[in-house]
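These notes concern the structure reproduced below.
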Amino acid sequence: MKILAVADSDSYLKWAATLLDQVPPGWDRRLVVVRTPITPSPGQIRAAVSGSRSTGAVTVTATAVRRLLRDYDPDAVLLACTGPVVRALSD
């Protein structure tokens, strides 16, 4: 199984990393931060995922998220984002 989590803010990133740590062993998990006006800084990203298994979170554009959805083809997607970003990504 594969899961992709997309976050857009510091608090949602912490939440997504915590949820991904609960995914059963053996699942392939990816965490990305979508670039928005509230995107956390690289230091905030490192701090948010510190202590979790999601230490490789990278910042990407919304277009890159859509490409990742197509290419990675996850079984589950977690949109850990503010409402407007969830709407934009789920269209």
Using 0.36 nm per residue of separation minus the Cα-Cα distance, give me the extension gain between V60 and D75 in nm, one decimal.
3.4 nm
Length-normalised contact order for the chain - Cα pairs under 8 Å, 6+ apart - percent:
42 percent
Have a look at the chain and give its Rg and Dmax from the Cα atoms, expressed in angstrom.
11.9, 34
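Expressed as a whole percentage, what fraction of the accessible surface of the chain belongs to carbon and sulfur atoms when a 1.4 Å probe is rolled over the protein heavy atoms? Don't jump to the answer; show the numbers that get you there.
Numbers: 2770 of 5070 Å².
Carbon and sulfur atoms account for 55 percent of the accessible area of the chain.
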Once the other residues with Cβ under 15 Å from the Cβ of A47 are scored (Lys, Arg +1; Asp, Glu -1), what is the net sum?
+1
Part-to-part distance (alpha-carbon centres) for segment 1-46 and segment 48-91, which is given in Å:
7 Å
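The values are calculated or read from the model by the stated rules, or taken from the named source; none is laboratory data. In this text, all values refer to a predicted model and were calculated from it rather than measured experimentally. With ideal geometry, Cβ positions are generated from the backbone for all residues, glycine too; neighbour counts draw on all protein chains shown. For the accessible areas, the whole protein counts, side chains as well, though only heavy atoms, and no ligand, DNA or RNA atoms are used. Shrake-Rupley method; radii C 1.70, N 1.55, O 1.52, S 1.80 Å.
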